[in-house]
Amino acid sequence: MMADVVLLHGWGMNKGIWQLQKDALEAQSDHMIHTLNLPGFGGNQFSDAVYDLECVARQLATDIADQSVLVAWSLSGLIALKIAALFPHKVKKIVLVASTPFFASSEQWRGIDDKVLDTFMAQLSTNHQKTVERFLAIQAMGSEHAKQDIKQIKALLAEYPAAQEIALSGGLAILKNEDLRDLFAQLPLPISGIFGRLDSLVPVKAVAKMQQLNPQFKADILAKASHAPFISHPQEFTNLLLSHIES
């Protein structure tokens, strides 16, 4: 059955990151494929005073058709979960891509060390472009062709305007502070995921924890991929994503 599929990008990026996957999905399926810029990114202006998860989710939801499949990479996984909670009629299914309901690291949960996010926050105030580039390097870490991946990502992102500073700082705060594990466990809709075994931002040990929280959660792990599997392993990712959308 044909579905509306919405591809959502991560922190510091824009919808250009999904262009090659959008083309591949349209060539291999009859689904309606949409890419959206998160509020504050790629020219989608964020106008509220505070950049928090609920405001972002509410603004983005206005651009999403009812009963959509949300494919949410990294930061946007939190936004997709929040949209599903606030507007259940909008979301038929969520496919998390290198994403988790809780990004921070703790004794019981593998994630991003607080010091890493604090460093990015401090660097934003001096040179936000350089900070985004450092974040890009982390995302490609572990990939067999990291340099080519970063070059490709930069070219795709350059097609759209730079992010607003409120979105960059607010997005980092969301990554650091939001904990949607209870919501993830309770949402009454299908949630699945695609992950990279070499991902340093969303370690594979977190995937096992997610399956404990939600026994219905199904995940595929690409053995040689890192945080951007749709860039490093495009065809393998397309095939997997279609199986998640259509299952």
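Every number here is computed from the coordinates shown, using simple stated rules; none is lab data. Remember, predicted model here, so these are calculated numbers, not experimental data. Cβ placement follows ideal geometry from the backbone for every residue including glycine, while neighbour counts extend to all protein chains displayed.
Note down the net charge around Asp30, summing +1 for each Lys or Arg and -1 for each Asp or Glu among other residues with Cβ under 15 Å from its Cβ.
On the way: positive: Lys22; negative: Asp4, Asp23, Glu26, Glu246.
For residues surrounding Asp30, the net value is -3.
Take every Cα pair under 8 Å in the chain that's 6+ residues apart, average their separations, divide by the length, and report that relative contact order as a whole percent.
Values: 459 pairs, mean separation 57.5, N = 247.
It rounds to 23 percent for the chain.
Asp118 versus Ala158, label points 7 Å from Cα toward the beta carbon: distance in nm?
Label at Asp118, label at Ala158, 3.6 nm between them.
Would you mind checking Lys176/Lys218; Lys90/Lys176; Lys82/Lys154; Lys130/Lys154; Lys92/Lys218 for any pair whose Cα atoms are more than 18 angstrom apart? The partial results should precede the final answer.
Working: Lys176/Lys218 25 Å; Lys90/Lys176 26 Å; Lys82/Lys154 29 Å; Lys130/Lys154 12 Å; Lys92/Lys218 16 Å.
In this structure, Lys176/Lys218; Lys90/Lys176; Lys82/Lys154 lie more than 18 Å apart at Cα.
At 7 Å along Cα-to-Cβ for each site, give me the label-to-label distance between Ser200 and Ser243 in nm.
Between Ser200 and Ser243, the label points sit 2.9 nm apart.
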